[in-house]
Structures are given as C-alpha cells and as structure tokens.
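Everything on this sheet refers to the single structure shown next.
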Amino acid sequence: MTMILFYNHSGALFNIHATGDVFLTFKIERDNGTHFEVAFRLTAHNVTVDVVLENGTDLPTFWNESEVVSFSAREAWWPGGVEYKIVLKSLEITGSYYIRKRDGVVIGRDGRTYGHTFLWYDPTENLEGSPYMNLTPVAPPFYLNGTIGIDKELVTYYGTFGPPIGRIVLVQRNPGPIQVCFSAGNRRVCPFGTGGHEIVGGFTYDPDSGITLAGDMLVPPTDIRATGVVYALFSDLKGCYFNEVKEDYSVYPVLQLYDTNAEFQVGEEVPFSRPGTKLKYVFYGSLVLFGLAVVLNLWRVRRHEDKRT
C-alpha cells in the first residue's frame, strides 16, 4: 500500500510517504458513559519523511532512530529554509481521541470536533446539520447526502461482504478543492492539491453491522484528523491491479478492512432500507484497516476492543 500523509508535529508539517504495508489500528480503551476514548496507531513500512524548516530551527522527531536508513539536509527552495529527508524502515504514529456516543462525533483532546467517526455508520445518529466530516482548512466540509445500496460483493482482506453493501455519500455544500498548505518564511506553500473544484466522496459499510469496510480515495478517515494528521491519501495495490488489469471491481483500491474482533451479525437477508446496526459490536470492536497505494508524489510535483484499518 502506498500512502501520502501530512502530519502536524510540534507546529511543523511533515510530508510522509510509504510504499510498503500501512495499518491503521483503532482500539476503544474506555467508556465513561457518554464518550469512548479511542487509541489510534498508524504503522507504515518503507517510509520517507520530508519537512522544511527555517534555518536554525530544531528538527522535532517522532520516529525511532533505530529505524532510520538515511538522513539528509539541504538548502530549501526558499531563502532561509532547510529541507530534511529521512528514510525509515518503518514508522509508528500514535494518538488518542474521543467519540461521543449519542451521535458518533469525533472529538480531539483539545475539544475540537471533526465530524462523524469513520468506524461505523448508524442511521439513528443525528448530527443536526453539522458536517459529517470537517476537513477545514484543507477543504470545505463534507455533509451526509444519504446512503445507497449496491447489489454486489465487496472483497476485503478480512472477508467478502454482500450483496448488498452500503455506501455513505458525502458532498460539499460549498464546493472547493483539497489543498494542503503551510507557511514557509513569508510565503504560503501548498505541496498537495486536487485539480477539481468539487469533491464527492464516501465510505463503504456493511449494512447489517454498520462497520466500515472500505474508505475513499480522496476523503481520509475523520478519526485520524483528531490525532495530528492534517490529510492522508491511501490506495491499495491489489485493488488497483484487479480493477485495471482484470477489470474486476469487487476489490476497491482504497483503505479497507483487514481485521476486527467485532462480530458481524449473520442473517439470511439484509433489508437495506432499515439496516440493523449492532452498536454493541461496533462500540466494543477492534478494527484494523489496511491500505496499499500507488499515488503521485505531489510534494514534489503529487474484533471486542480493537479495530484495525
């Protein structure tokens, strides 16, 4: 899986690329009655970290030095800047956040809200007009435009689901592109962006349990935004191969379910219009998502208490 991820650490924006396996793990640590506290861990392999800092600024580190393959520093493209490039065998990014139980809203340790959790879909949860995903300032917010049923199978690393499978449709009320920017000296630099002026996205889920099965190519999981991740893009190589070479679209080329100890409700028929979301399984489930990606480098030019993505 290849990944492009922008991570804010100690006020610096790090551009992180991975060309090996990438795992996102979510674990519900505790339930205080109104909120879940969730621990997050991203593990990536074959990683390159880039950052540009003003000359004389200490380089803040968040990687294990024993994983470093190479380290370089050179003059940046703007006066007074230094660009650092660190190649790593592997990298872990960890964090924690809260999910409000009554509506599934993700809340950071600083109290900021980011929209609805990516981990499940529950039709009874009402955001009362608030964004389903708040990507500010990277892009205008996304709102829930409804769900659709797709009469097909979806093959994930965890197993095969459907038919049907469910799809959450997210749209922008004020259309705008995705742009990741940072301040470099006295200028504003935007190393990543999409060409279009309107982004339509969404996530695929199991309509019986509500558990998310696959992500979106351009819209990242809401939850990771509460841990310092500004923006991320994941793409699965197996899905790309099946889609483009075999013309088999049962595998999506995006972040997808790899493992979980949450239990999926089994039934002979799933009436899509009234999905029976089994919240006790979702809330106390562990999910792991796995992403394989082939993406342009736009920095230069583009299962009970654990959930792993």
Quiz prompt | Difference of contour (0.36 nm per residue) and Cα-Cα distance, D103 to N32 | solution = 24.0 nm
Practice problem: Please report Rg over Rh for segment 29-129, where both radii come from the alpha carbon positions and Rh follows the Kirkwood definition. | Solution: 1.15
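Applying a 10 Å radius around every beta-carbon, put 39-50, 114-125 in order of their mean neighbour count, most first.
Ranked by mean Cβ neighbours within 10 Å, highest first: 114-125, 39-50.
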Quiz item: Between rounded, prolate and oblate, where does segment 1-60 land on the alpha carbon gyration tensor, with a ≥ b ≥ c its root eigenvalues, rounded for a/c under 1.5, else prolate if a/b exceeds b/c?
Solution: oblate
Quiz item: Can you give the accessible area of L59, probe radius 1.4 Å, in Å² rounded to 10?
Solution: 40
Self-check item: Relative contact order, percent, segment 24-68 [alpha-carbon distance under 8 Å, six or more residues apart]
Solution: 26
Practice problem: Give the distance, in whole Å, between the Cα centre of segment 24-42 and the Cα centre of segment 65-81. | Solution: 35
Exercise. For an R0 of 30 angstrom, estimate the FRET efficiency from the Cβ-Cβ distance between D21 and E65 and round to the nearest 0.05.
Key: 0.90
Quiz item: Based on the Kirkwood radius over alpha-carbon pairs, what is the Stokes-Einstein translational diffusion coefficient of segment 30-77 at 20 °C with 1.002 mPa s viscosity, in µm²/s?
Solution: 145
Quiz prompt | Computed lengthening from H9 to N174, 0.36 nm per intervening residue step minus Cα-Cα distance | solution = 56.5 nm
Quiz prompt | Accessible area of segment 41-97 belonging to carbon and sulfur atoms, whole % at 1.4 Å probe | solution = 44
Quiz item: Which distance in nm do the two modelled labels at T124 and D58 give, with both placed 7 Å along the Cα-to-Cβ direction?
Solution: 5.1
Exercise. Convert each backbone phi in segment 80-96 into a coupling constant with the Karplus relation 6.51 cos²θ - 1.76 cosθ + 1.60 (shift: θ = phi - 60°), then list the ³J(HN,Hα) values in order as whole Hz, x for Gly and Pro.
Key: x, x, 10, 9, 9, 10, 10, 9, 10, 5, 7, 8, 10, 10, 10, x, 8
Self-check item: Per residue solvent-accessible surface (Å²) - segment 26-175, probe of 1.4 Å
Solution: 48
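The values are calculated or read from the model by the stated rules, or taken from the named source; none is laboratory data. Remember, it's a predicted structure, so these values are computed and weren't measured experimentally. Quick reminder, even Gly has a Cβ in these numbers, built from the backbone with ideal geometry, and neighbours come from all protein chains shown. When the accessible area is computed, the model is the full protein with side chains, heavy atoms only, and any ligands, DNA or RNA have been set aside. Shrake-Rupley method; radii C 1.70, N 1.55, O 1.52, S 1.80 Å.
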